[in-house]
Structures are given as structure tokens and as C-alpha cells.
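The values are calculated or read from the model by the stated rules, or taken from the named source; none is laboratory data. As the structure is a prediction and not an experimental result, all values here were calculated from the model. Here Cβ is always computed from backbone atoms with ideal geometry, including for glycine, and neighbour counts include all displayed protein chains. Accessible surface areas use protein heavy atoms only, side chains included; no ligands, DNA or RNA. Shrake-Rupley method; radii C 1.70, N 1.55, O 1.52, S 1.80 Å.
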Amino acid sequence: MKRVNSIPSVTDNPAYFSWKKQWSNQEGLDVYSYIFDQCQPEHILLFSKMLFPDFVVKEGGVFLARNFSTEVLDRCSGLTSGDISKTEKLLNVVRIYDVFGQVAAGVSDDVFLQLCNVIGFAWRMVLKEKFPEKVFCVEVSNSEQNYGPDITFYQVGSLSPGAEA
């Protein structure tokens with residue numbers, strides 16, 4: 001038997017570990033037990049829009065609907081001299097700190113970076129599913145100059161008919 005993990009194990013999660021400590025018998029308690037006891041289905045369903053976002057296709061580009069407006073597209077296109085990949089990279093960026101607002105206080109940077117990596121994994125799948133003829137790069141980065149962990153995607157080419165990624 002071989003176990004294949006889709007994403008790495010979650011680390012540095014004080015809320016989960018604190019919850020787990022409250023039980024005298026911790027045998028059998030896992031992430032799914034925590035979800036059963038603590039998580040609201042509505043929150044998970046709403047967050048699924050981050051994992052599987054809506055897109056706008058315009059002028060050959062693929063853009064996150066949450067970030068898109070014609071004005072923003074024009075501004076980004078001007079900054080990139082009309083290069084569609086660079087425009088996508090600029091317009092599609094999501095700074096993960098901005099997603100959580102005030103509830104982010106006290107959460108470790110490592111948790112945000114792990115979350116970006118999970119979102120990146122999901123974006124790779126959904127982009128491949130929705131745009132099978134295109135090839136995308138999904139980038140996760142974590143730098144002080146970019147205000148912490150962020151994620152973006154952009155096209156790096158297209159597949160020839162009959163070719164597989």
C-alpha cells in the first residue's frame with residue numbers, strides 16, 4: 001500500500017492543536033474531527049470560490065473575475081505595454097493577507113504560505129479543466145516587498161491540437 005497526499009500536512013495550526021488538547025482521549029482525533037466539531041459548512045462553501053474562482057476571458061487573456069474591471073485591465077495593459085501574459089500576472093495577483101482582513105491577526109505567516117500553496121494547487125487544476133488549450137504558470141511567492149504571501153497566474157503558451165500537458 002502506498003499513501004499519496006494531495007497537499008502536504010498542515011503545520012503550525014494553534015487553533016487545531018488547542019482544540020485537540022481539550023480532549024482526554026485524543027486517539028482518532030484528526031483534521032476531519034475538527035471540521036466536524038468546529039467548522040461551518042457555509043464558510044467552507046464560500047471559501048471554495050477562492051479555490052475554484054470565476055474567470056473573465058477578454059482580449060486573449062484569462063482573468064480572475066474578482067479582480068477584473070475594464071479600467072483595471074486597461075491600466076495593467078498600459079503598464080505591461082500590452083503583453084497579455086504580463087497583464088494577466090499583474091491583474092490576477094491575490095495577496096492572501098487581504099483575503100482575511102481583521103481575522104488574520106495572530107495567524108502565522110507559515111499558515112498563509114501553506115494556504116497560498118493549496119490555492120495554487122487548486123488553480124492549476126481548475127485552469128487546466130476550464131482552459132485545456134492553454135498553458136498557465138501559477139506562482140506563489142512570499143516577500144516583504146509584495147506584502148507577504150501572494151499568488152497569481154498567467155499564460156505561458158498554448159497546446160497544439162492533440163497534445164497533452
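Say whether the condition of being assigned to a loop (DSSP other than H, G, I, E, B) and either within 21 Å of residue 7 (Cβ to Cβ) or open to solvent by 80 Å² or more (accessible area, probe 1.4 Å) (or both) is met by at least one residue in segment 112-127.
No.
Does residue 52 satisfy the condition of being closer than 18 Å to residue 13 by Cβ, in contact (Cβ under 8 Å) with a residue 12 or more places away in the chain and not polar (S, T, N, Q)?
No; evaluated as a whole, the condition is false for this residue.
Matching residues to (1) open to solvent by 80 Å² or more (accessible area, probe 1.4 Å); (2) touching a Cys at 6+ places or on another chain (Cβ under 7 Å); (3) farther than 22 Å from residue 16 by Cβ:
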{"residue": "94", "(1), (2), (3)": "no, no, yes"}
{"residue": "101", "(1), (2), (3)": "no, no, no"}
{"residue": "131", "(1), (2), (3)": "no, no, yes"}
{"residue": "144", "(1), (2), (3)": "yes, no, yes"}
{"residue": "157", "(1), (2), (3)": "no, no, yes"}
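I'd like the residue in segment 109-124 that is farther than 12 Å from residue 8 by Cβ and among the charged types (D, E, K, R) and, out of all such residues, is farthest from the chain's Cα centre (by Cα).
Checked segment 109-124; the qualifying residue farthest from the chain's Cα centre (by Cα) is 109.
Collect the residues in segment 49-68 that are closer than 15 Å to residue 130 by Cβ, open to solvent by less than 80 Å² (accessible area, probe 1.4 Å) and assigned to a helix (DSSP H, G or I), keeping them in residue-number order.
51, 65, listed by residue number.
Quickly run through segment 1-58 and pick out the residues that are closer than 27 Å to residue 93 by Cα and among the aliphatic types (A, V, I, L, M).
7, 10, 44, 45, 46, 50, 51, 56, 57
Could you pull out the residue among 27, 42, 71 that is part of a helix (DSSP H, G or I), closer than 30 Å to residue 108 by Cβ and of a type in the set (Asp, Glu)? Give the steps one after another, and end with the answer.
Numbers: 27 fails: part of a helix (DSSP H, G or I); 71 fails: closer than 30 Å to residue 108 by Cβ.
Answer to the selection: 42.
Taking into account only those residues within segment 1-24 that are surrounded by fewer than 11 Cβ atoms within 10 Å (Cβ to Cβ) and either of a type in the set (Ser, Thr, Tyr) or part of a helix (DSSP H, G or I) (or both), which is farthest from the chain's Cα centre (by Cα)?
24
Can you pull out every residue in segment 63-98 that is of a type in the set (Phe, Trp, Tyr) and within 20 Å of residue 112 (Cα to Cα)? Outline the logic, then answer.
Pass one, segment 63-98, residues of a type in the set (Phe, Trp, Tyr): 63, 68, 97.
If the condition is that a residue be of a type in the set (Phe, Trp, Tyr) and within 20 Å of residue 112 (Cα to Cα), then 97 is the only one that fits.
Given the conditions (1) part of a strand (DSSP E or B); (2) over 16 Å from residue 47 (Cα atoms), which single one is not true for residue 151?
(2) is the only condition that residue 151 fails.
Based on what the data block shows, is residue 32 within 23 Å of residue 107 (Cα to Cα), open to solvent by less than 90 Å² (accessible area, probe 1.4 Å) and in a helix (DSSP H, G or I)?
no
Looking at residue 139 and the list (1) of a type in the set (Asp, Glu); (2) closer than 16 Å to residue 51 by Cα; (3) open to solvent by 80 Å² or more (accessible area, probe 1.4 Å), which single condition is not satisfied?
Against the list (1) of a type in the set (Asp, Glu); (2) closer than 16 Å to residue 51 by Cα; (3) open to solvent by 80 Å² or more (accessible area, probe 1.4 Å), residue 139 comes up short only on (3).
All but one of (1) in a helix (DSSP H, G or I); (2) in contact with a strand residue (DSSP E or B) (Cβ under 9 Å, 6 or more places away or on another chain); (3) open to solvent by less than 50 Å² (accessible area, probe 1.4 Å); (4) closer than 18 Å to residue 50 by Cα hold for residue 87, so report the exception by its number.
So residue 87 meets the others, but not (4).
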